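Undergrad: This is the structure, below, for whatever I ask next.
The values are calculated or read from the model by the stated rules, or taken from the named source; none is laboratory data. This is a predicted model, so every value here is computed, not measured. So basically every Cβ, Gly included, is an ideal-geometry build from the backbone, and we count neighbours across all protein chains shown.
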Amino acid sequence: MCACVCFFVDSSQSESPSDAEDHRPSFSRPPVSHNTQSSDAPQSSSRFSMYNIVSQKLMAKMGFKEGEGLGKFGQGRKDIVEASTQRGRRGLGLSLQSFEGELNVEWQDEPEPNAFEEVTWFPECSTEIPDSDELSDWMLIGERKLKIEDETEFCSEKLLHLLLSCKSVFDDLEGEEMRRARTRSNPYETIRGAFFLNRAAMKMANMDHVFDYMFTNPKDSQGRPLIRDKESELLYFGDVCAGPGGFSEYILWRKRWHAKGFGMTLKGANDFKLEDFYAAPSELFEPYYGEGGIDGDGDIMRPENITAFRNFVLESTEKRGLHFLMADGGFSVEGQENLQEILSKQLLLCQFLMALSVVRTGGHFVCKTFDLFTPFSVGLIYLLYLCFERVSLFKPLTSRPANSERYVVCRSLKPGSDAVRDYLFTVNLKLNHLRHSERDVTDVVPLNCLELQIKSLAKIHAYVRETTLSEPRQADIRKECLRLWGVSRNGADIDSFNCRPTALSSSTLDKLQHVLDHRCIVGGGEQIFLLGLGKSQIYIWDGKAPLRWKKLENWKLELPRDTLLSVEIVQELKGEGKAQRRINAVHVLDALVLNGTDVRDQHFNQRIQMAEKFVKAVSKPSRPDMNPIRVKEVYRLEEMDKIFVRLEMKVTKSSGGMPRLSYTGRDDRHFLPSGLHIIKTVSGEGGCLYSAEFENPWTMAYSKTSNKKFFYNKQTKESTYKMDPTAVAPFNECYHERLFWAWEEGVIVHDSQTRVDPKKLSKDHVLSFIRKHCQNSIWGFKCDCIFGNIRPPQICSSPVKQAGRRWPNVYEVISPTSSFKGEMGMCDSHFASV
């Protein structure tokens, strides 16, 4: 007969779906008494009392008696079938001896999980940075060493051996079984990568928050911002040994087009995966792989790659260097986990060397390290301690507590660290030289975070042995951390794009009578709109049938998603004659949305400054194969004569040997100009003053006495040096009120041109008009006919001469008083460029 065994699952134990395969049923075998009645439950003996009544009844019906086997002749087994102890993919009956005993480490008293973390800085260093002569005696050469057990100079022997033994118990454990236990035991595990590429992005978000956003909003030792917004300066950062790029994805998600990144990592499987950036615009990141540029190998341990990357960064940042560098280097040490520190020593040195090579004075550095027991590692940390204002060893919540990973965070690079950089460069050369010998370089390092690591390893050990254990606080901790670190997701009228500019002619010239209200740009093509949806997904709107967005074909150009620009497609020329080169380029006229930032309501000057910063961020000098994108040069209307100085007659390939009018821009590039865009940057109306259509009739004028521009409201008679928000002409108004002076046949804008059409405006006519009305803006205002009485609080009682005449109600601005909204001192800083 067959023995029957009943299975019952204990419903009081809950496990996550991902661990369902670890769920083990309990085995039940009911006892029966020798005096069992068929209709009643048997009376349980002490040995089988743990089994429920149903199990006992079933076994009793089959004739089970304690101590006897089932079957006609009692030939069935007498002992209970033991529950399986098989785990994961272990072979049946395999028992891991390392998990049979206890580790004698109490892990249940670990700190309560909490999203709040504190930073502990090393004491400030008062030691001077050593010079090259002193450093030359520091490097020591000794026997190559591949053991860690005796590295007790900077750590107690007991602590070191306890850590190594906690690590060693996992040597024979199957990988998946270890990962599942680790996942259940870590209260911060489910934070994972949130909506980023990987966990690394969340580590950077974690550290950026804990260190008071010193990376995305860097400050110097005095607490002053390192980024000068008034100069439209970009946040320059570097990311080395960091493929696939999680660190950079976080920085670009936080800063978008206000940042520009440079990276170097090993080519191959661990390269940057920019196409997989989920949350940030990868177009703002430029990989450079050392010697050979984009064709290099990215090996940071090669001295020539370090030098090439340093030169590239300095060339791209106006010789200033990076605001901060991130380094996240590591490689597989499977089977040699306890030697990770020794095997990674040169990688750690090269990351430190790169920081001292590319970070600007006052800049910051963060780098992943591992165990820090050996004198070599201690020495590297000490050198950073000398070179930076403050140094901290930090283990973020997002770094698994059981591993050796921790980060050295360095704030504010001191001046005069060149000697240390050169010294580390020399050490790296020596390491390369000794790579295949029995000799090696040795040096020193502090120690931190070991007790937490030991407890976490003991906790995983317990979670491997008992698969029903799980960390219940993971969901709440994840929510709290993401909220604290500020990591969360956020969400043009097409018809208006079809508006054509007003042609500048004799009949429309009066629209320019308020000269100070306008800016002008030399055009070289048709104005269109450019829509960026990420990488090379770029579309144009040209206002031509069919009216729809069309893919920009046959261009090598990349723009971040959610970008909308007003541009011209211009064919740039370099050189003359047969050696002339043609390059198709994008020239930005104005900006509407920059990587999700809506700038349409900003002043035109601010939009242009932001566009320049944005273009600087997306440009890739190392990619000469890509089509360039540039921001147009903008001129004040009263300085239009500067444009004509830049006009020349040049021979082009398609001109048949005849010189053609050419405008020369920056870097000796030139293009064939089509005319002049004239943009009104002040919100107001140039014609009828009291039209109900215009609610904010502002204009600009110039005070001769104070030598400052000011704003005047023609309805309220209000004057102010500080630009009123209602005086700003948003993009929509600038676009609809724009004029275009076409430099077509018969228009004279260069002295060599002779064919003139008297019906068309030429240079002399326009310049004469501008000079006349510019003088009017400076000397005074014709109150009765144009503005009414302009009465700054302190005025001259006598009439003022204007253009050779005496006006009865004209006043010259002397100085502002308390009834002015603005202050004289604000003029230069707030709208001097206006």
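Undergrad: Residues to consider are LEU573, LEU589; find the one that is assigned to a strand (DSSP E or B), of a type in the set (A, V, I, L, M, F, W, C) and at pLDDT 95 or above.
TA: LEU589
Undergrad: Still on this structure, please answer the following. Which residue, of SER762, SER706, SER798, SER777, is hydroxyl-bearing (Ser, Thr, Tyr) and either at positive phi or modelled with pLDDT of 85 or more (or both)? Break it down stepwise before answering.
TA: Working: SER706 fails: either at positive phi or modelled with pLDDT of 85 or more (or both); SER798 fails: either at positive phi or modelled with pLDDT of 85 or more (or both); SER777 fails: either at positive phi or modelled with pLDDT of 85 or more (or both).
Checking each option against the conditions leaves just SER762.
Undergrad: Something else: Restricting to region 357-386, what's the tally of residues that are outside any loop (DSSP other than H, G, I, E, B) and either over 26 Å from the mean Cα position of the chain (by Cα) or among the basic types (Lys, Arg) (or both)?
TA: Result for region 357-386: 13.
Undergrad: Touching a Cys at 6+ places or on another chain (Cβ under 6 Å) and not acidic (Asp, Glu), is that true of PHE365? Outline the logic, then answer.
TA: Numbers: touching a Cys at 6+ places or on another chain (Cβ under 6 Å): yes; not acidic (Asp, Glu): yes.
Judged against the criteria, PHE365 is a match.
Undergrad: If you check GLY193 against the conditions, is it surrounded by fewer than 18 Cβ atoms within 10 Å (Cβ to Cβ), at pLDDT below 90, small (Gly, Ala, Ser) and outside any helix (DSSP H, G or I)? Please lay out each step first, then the result.
TA: Working: surrounded by fewer than 18 Cβ atoms within 10 Å (Cβ to Cβ): no; at pLDDT below 90: yes; small (Gly, Ala, Ser): yes; outside any helix (DSSP H, G or I): yes.
Answer is no for this residue.
Undergrad: For region 345-401, how many residues meet the condition of being polar (S, T, N, Q), in contact with a helix residue (DSSP H, G or I) (Cβ under 7 Å, 6 or more places away or on another chain) and modelled with pLDDT of 90 or more?
TA: Keep residues of region 345-401 that are polar (S, T, N, Q), which gives 346, 351, 357, 361, 369, 374, 377, 392, 398-399.
Now drop any that are not in contact with a helix residue (DSSP H, G or I) (Cβ under 7 Å, 6 or more places away or on another chain), which leaves 346, 357, 369, 374, 377, 398-399.
Going one step further and asking which of them are modelled with pLDDT of 90 or more, we end up with 346, 357, 369.
Number of matching residues: 3.
Undergrad: Of everything in region 530-558, what is more than 26 Å from the chain's Cα centre (by Cα), on the phi < 0 side of the Ramachandran plot and of a type outside the set (Val, Ile, Thr)? Give them in sequence order. Quick ask: steps written out before the conclusion?
TA: Quick first cut of region 530-558, residues more than 26 Å from the chain's Cα centre (by Cα) only: 540-554.
Next, from what is left, pick out any that are on the phi < 0 side of the Ramachandran plot: 540-542, 544-553.
Residues satisfying the conditions are TRP541, ASP542, LYS544, ALA545, PRO546, LEU547, ARG548, TRP549, LYS550, LYS551, LEU552, GLU553.
Undergrad: Scanning region 230-258 for residues that are modelled with pLDDT of 90 or more and at positive phi, which turns out surrounded by the most Cβ atoms within 10 Å (Cβ to Cβ)?
TA: Checked region 230-258; the qualifying residue surrounded by the most Cβ atoms within 10 Å (Cβ to Cβ) is GLY245.
Undergrad: Going by the structure shown, is LEU565 over 21 Å from GLU737 (Cα atoms) and either surrounded by fewer than 19 Cβ atoms within 10 Å (Cβ to Cβ) or outside the structural domain of SER232 (by TED's automatic domain parsing) (or both)?
TA: In short, no.
Undergrad: I'd like the full set of residues that are assigned to a loop (DSSP other than H, G, I, E, B), at pLDDT below 75 and either loosely packed, with under 13 Cβ neighbours inside 10 Å or not β-branched (Val, Ile, Thr) (or both), limited to region 487-515. Before you say what the answer is, go through the steps one by one.
TA: Taking region 487-515 as the starting set, the residues that turn out to be assigned to a loop (DSSP other than H, G, I, E, B) are 487-493, 499-501, 504-508, 513-514.
When the remaining residues are screened for being at pLDDT below 75, the result is 487-493.
Within region 487-515, SER488, ARG489, ASN490, GLY491, ALA492, ASP493 qualify.
Undergrad: Please verify whether CYS827 is modelled with pLDDT under 85, crowded, with 20+ Cβ neighbours inside 10 Å and farther than 27 Å from THR502 by Cα, treating the condition exactly as stated.
TA: yes
Undergrad: With respect to ASP590, determine if the residue is within 15 Å of ASN732 (Cα to Cα), surrounded by 20 or more Cβ atoms within 10 Å (Cβ to Cβ) and among the acidic types (Asp, Glu). Explain how you work it out, then say what you get.
TA: Details: within 15 Å of ASN732 (Cα to Cα): yes; surrounded by 20 or more Cβ atoms within 10 Å (Cβ to Cβ): yes; among the acidic types (Asp, Glu): yes.
So ASP590 passes the test.
Undergrad: Also, I was wondering about something else. Would you check if there is a residue in region 318-338 being farther than 25 Å from PHE215 by Cα and in a helix (DSSP H, G or I)?
TA: yes
Undergrad: From the list GLY71, GLY88, GLY101, pick out the single residue that is modelled with pLDDT of 75 or more and among the small types (Gly, Ala, Ser).
TA: Answer to the selection: GLY71.
Undergrad: It is to be established whether one or more residues within region 572-580 are of a type in the set (S, T, N, Q) and surrounded by fewer than 19 Cβ atoms within 10 Å (Cβ to Cβ).
TA: yes
Undergrad: Give region 751-773 a look and list any residue that's surrounded by 14 or more Cβ atoms within 10 Å (Cβ to Cβ) and in a loop (DSSP other than H, G, I, E, B), or say none.
TA: GLN753, LYS760, LEU761, SER762
Undergrad: I'd like to check something: does region 595-612 contain any residue that is surrounded by fewer than 17 Cβ atoms within 10 Å (Cβ to Cβ), touching a Lys or Arg at 6+ places or on another chain (Cβ under 7 Å), of a type in the set (Val, Ile, Thr) and closer than 30 Å to PRO287 by Cα?
TA: yes
Undergrad: Considering only residues of region 402-447 that are at pLDDT 90 or above and polar (S, T, N, Q), which is surrounded by the fewest Cβ atoms within 10 Å (Cβ to Cβ)?
TA: Restricting to residues being at pLDDT 90 or above and polar (S, T, N, Q), the top hit is SER437.
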